[in-house]
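> What follows is a single structure, and I will ask about it in a moment.
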Amino acid sequence: MKILLHPITTEKAIKLIEIENKILFVVAKESRSEEIKKAFEKDFNVKVEKVNTLIRGKRKIAYVKLSKETPAVDVATRLGIL
């Protein structure tokens, strides 16, 4: 099962990247926060501080807060968001 589906690139999501060091991702609806954290750390080779999730309609959105040593801007650049 693929956990991380795709990043969210709305204006609000970009502000969260720049201000709060968070990246928003659409994730598999069955996935848990711990699984999302492990998958994100493995895929992007970064340290994740915290993961919050939100179910909106048929989508589950993960707010992934990165550690201070890892700027979310760097990950967003790798993903092609910025």
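Readers should treat all values here as calculations from the given coordinates under stated rules, not as data from a laboratory. For clarity, every value in this text was computed on a predicted model and none was experimentally measured.
> Give a residue-ordered list of calculated ³J(HN,Hα) values for the range 54-65 (Karplus: 6.51 cos²θ - 1.76 cosθ + 1.60, θ = phi - 60°; whole Hz; x for Gly, Pro).
8, 9, 10, x, 9, 10, 10, 10, 10, 9, 9, 8
> Then there is this: At 222 nm, what value in deg cm²/dmol follows for the chain if DSSP H runs of at least 4 each add -39500 (n - 2.57) and the sum is divided by all its residues, to the nearest 500?
Calculated from helices alone, the mean residue ellipticity at 222 nm is -10500 deg cm²/dmol.
> Oh, and also: If amide H atoms are built 1.01 Å from N in the plane of the peptide, which residues on other chains or at least 5 residues away come under 5 Å of the amide H of Thr70?
Result for Thr70 returns nothing.
> Related question: Across the range 7-66, how many lysine pairs, 8 or more apart or on two chains, come within less than 17 Å at their alpha-carbon atoms?
28
> Return the equivalent ellipsoid semi-axes of the chain as a descending list in whole Å, where each equals the square root of 5 times an eigenvalue of the C-alpha gyration tensor.
Values for the chain, descending: 18, 15, 11 Å.
> On to the next question. Would you mind checking which residues have amide H under 5 Å from Ile8's amide H? H placed 1.01 Å from N; only 5 or more apart, or other chain.
Hits under the 5 Å cutoff: Leu24, Phe25, Val26.
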